[in-house]
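*Asks:* Once you've had a glance at the structure underneath, I'll fire off some questions.
The values are calculated or read from the model by the stated rules, or taken from the named source; none is laboratory data. Fair warning: this is a prediction, and the values are worked out from it, not measured in the lab. Cβ: placed from backbone, ideal geometry, glycine included. Neighbour counts: every protein chain shown. All accessible areas refer to the heavy atoms of the entire protein, side chains included, with ligands and DNA or RNA removed. Shrake-Rupley method; radii C 1.70, N 1.55, O 1.52, S 1.80 Å.
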Amino acid sequence: MGKKENEMSAMEIDDPKLDGSDQILPRFSMNVLQLMKTSQAQHGLRRGDYARYRRYCSARLRRLYKSLKFTHGRGKYTRRAILESTVTNVRFLHVVFYMAERAWSHAMEKRQLPDGPNARQRIYLIGRLRKAVKWATLFSSLCSVKTDSRTSLEAEAYASYMKGTMLFEQDQNWETALACFKNARAVYEELGKYGDLENQVLCRERVEELEPSVQYCLHKIGKANLQTSDLLQIGEMEGPALDLFKAKIEAAMEEARSQQAASLTEFNWLGYRFPVSNPKSRVSILKAQELEKDLQGPTAESLPAEKKLTIFDKLFTAYNDARNTIRSDLVSAGNAESVKDELNGLDKAVGAVLGQRTIERNQLLVKIAKSKLNRKRDDKNEKVTKPEELVRLYDLLLQNVADLSDLVSSGRDRKPEEIAFEEECERKNLAFRAERCFYLGKSYSLAGKRVEAYALFCRARSLAEDALNKFQNIGNKDEGTIQELKTLSRECRASSCIEHATGIMEEEKAPENLSKKISAISLNETATKAEKYLLDKLDVYESAVGDANTKMAPKIERFPPAFQSIPRNPIVLDLAYNCIEFPVLEERMKKGRGGFMSRFFRSEKKNTGISSVRVEEDDDGGRGGGGSFCIPR
């Protein structure tokens, strides 16, 4: 009994509300932060899927209600409140926790709508956040009574975060929101000093997630001298707690762009200046230009490829929004020809810039694919690039260059800038053709077609040298492209030599390989295969189903039947014909006569009953030719 009492004392402490009585209430313990992080990471929030996480919370609540037998009636719904006296199991605290999480995830789901929440949806969003604050406050009050001190502190930090999130969304009471976020941050900083290593890491990550919200509240109050770039850098952090902060940053950036758009009155392209009158077009173009600075700035080299692709997607969205607005203005322009000409020119200029950025994005994809071309599969099981994929990418690049060249050359009176731009497109087209031809040769080489691969490598080398000469002849030399073309020319020469040598070796070994294959041919199938059929073992007592360890299905007889040697009838040749000596009939042959008397003798033969028969002999008869002789009738 003493051991059991010691175990109970370790789990239970006296309730301070009891006036000196000996009654003991249970004290529960739960790691709130770890439970929240695990649930969110495993059920959708790793990819920002709040709808999935909300469905998980609903399913989890159903299971908890059923296991606790805490249902709300079968026919009519009768809500049962969770009070201090109700919490006899730690799962009752889980019920309150997941109620708060479900309301919060529903609000964040509305926040991530494609066009943002409208006025009605925003009211509903704030209502769900109020519901989350209500359940988080109840969770904190219950934990303060029913759990240990650490769980109570985590629950208090959780409630403070929910309240700060609601005020953050409402854009009011920034001082109160700042106090809530600071309170939650202080709790997690203190808890991060104790416990196991996993718990310390979780607490430190939570502190880093709360820091941007604290800085933004200070910025709104006016106590922090943060620039817009600093806020964007903070917004690049990842985590579910930062999604609302990112939405606020984007809204603030849209407001700043709207103010800066007033100064953007013209769009410059190849020496042309097109006026931009629509505010929506100005904002979209300004946003795209800011993203271009991120791609072309000094920090662009340090950006990972995945981050650059994300920036390209945002840039394309901004330029497409600008073009949609411009085309809407074209529809509503009516018969104003001057306005239509300006809008058409602006649409052409924006489309050309969009085409240039598309080429840059596809070149980035080519660079990523080349890095994976000769790489073997590692622990991450990354997909290895095949030469056919690079051929497809260069097809896209050639199509992009052709579209851009057609767009530039469509005008009549062209400026020198446009002519230079078109010549640059021609050079890029030639370089991309050389690259495409090289990787097409690689694909033929992998397929074992040596002649085609050799011809393609030679053609790729010729194209690379032509492109290299054109790039070297221009004044402003592109050193990066020139080095790539030189490398490509060397690789083409090496690959063509390898294909030539490999083809000669395969041709020399072809007779040997053919003789080996012919020597393995057999007319009798049973001589090469040890497999037995049912008809071959009728006199043996064996199972017709086959061995239990074999996976092959039993076979009755081989079909089609195997080849068998059979006797053949002898071939009869008539060899006696060439040895027969035929009689000579030259004396009996008719001799040719001419003149008047021949007619008289011919008529005499008819009267005497002697007729002349013409005999034609072929070469096989052994006679010297044709002749005629007379026979009596």
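*Asks:* Hey, can you tell me all the residues within the stretch 196-224 that are out of contact with any Asp or Glu (no Cβ under 7 Å at 6 or more places or on another chain), without any contact (Cβ under 8 Å) to a residue 24 or more places away in the chain and either closer than 22 Å to Leu33 by Cβ or of a type in the set (Ser, Thr, Tyr) (or both)?
*Replies:* Hits for the stretch 196-224 are Asp196, Leu197, Gln200, Val201, Arg204, Gln215.
*Asks:* On to the next question. Let me confirm something: among Asn469, Asn473, which residue is open to solvent by 50 Å² or more (accessible area, probe 1.4 Å), without any contact (Cβ under 8 Å) to a residue 60 or more places away in the chain, out of contact with any helix residue (DSSP H, G or I) (no Cβ under 8 Å at 6 or more places or on another chain) and closer than 24 Å to Ala494 by Cβ?
*Replies:* Asn469
The rows are residues; the columns are (1) open to solvent by less than 70 Å² (accessible area, probe 1.4 Å); (2) more than 29 Å from the chain's Cα centre (by Cα); (3) at pLDDT below 85.
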{"position": "Pro240", "(1), (2), (3)": "yes, no, yes"}
{"position": "Asp243", "(1), (2), (3)": "yes, no, yes"}
{"position": "Arg257", "(1), (2), (3)": "yes, yes, yes"}
{"position": "Ser263", "(1), (2), (3)": "no, yes, yes"}
{"position": "Leu303", "(1), (2), (3)": "yes, no, yes"}
{"position": "Arg327", "(1), (2), (3)": "no, yes, no"}
{"position": "Ala333", "(1), (2), (3)": "yes, yes, yes"}
{"position": "Leu343", "(1), (2), (3)": "yes, yes, no"}
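*Asks:* Take the residues in the stretch 49-79 that are surrounded by 14 or more Cβ atoms within 10 Å (Cβ to Cβ) and part of a loop (DSSP other than H, G, I, E, B), then tell me which one is modelled with the lowest pLDDT.
*Replies:* Of everything passing the filter in the stretch 49-79, Phe70 is modelled with the lowest pLDDT.
*Asks:* Identify all residues within the stretch 294-336 that are hydrophobic (A, V, I, L, M, F, W, C) and more than 22 Å from Leu364 (Cβ to Cβ); write none if there are none.
*Replies:* Ala322, Ile326, Leu330, Val331, Ala333, Ala336
*Asks:* Could we say that Phe421 is more than 31 Å from the chain's Cα centre (by Cα), open to solvent by less than 70 Å² (accessible area, probe 1.4 Å) and either under 23 Å from Glu360 (Cβ atoms) or at pLDDT 90 or above (or both) here?
*Replies:* Considered against the rule, which asks whether it is more than 31 Å from the chain's Cα centre (by Cα), open to solvent by less than 70 Å² (accessible area, probe 1.4 Å) and either under 23 Å from Glu360 (Cβ atoms) or at pLDDT 90 or above (or both), Phe421 comes out as yes.
Residues checked against (1) open to solvent by 40 Å² or more (accessible area, probe 1.4 Å); (2) under 30 Å from Val214 (Cα atoms); (3) in a helix (DSSP H, G or I); (4) modelled with pLDDT of 85 or more:
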{"site": "Lys287", "(1), (2), (3), (4)": "yes, yes, yes, no"}
{"site": "Thr299", "(1), (2), (3), (4)": "yes, yes, no, no"}
{"site": "Asn324", "(1), (2), (3), (4)": "yes, no, yes, yes"}
{"site": "Lys340", "(1), (2), (3), (4)": "yes, no, yes, no"}
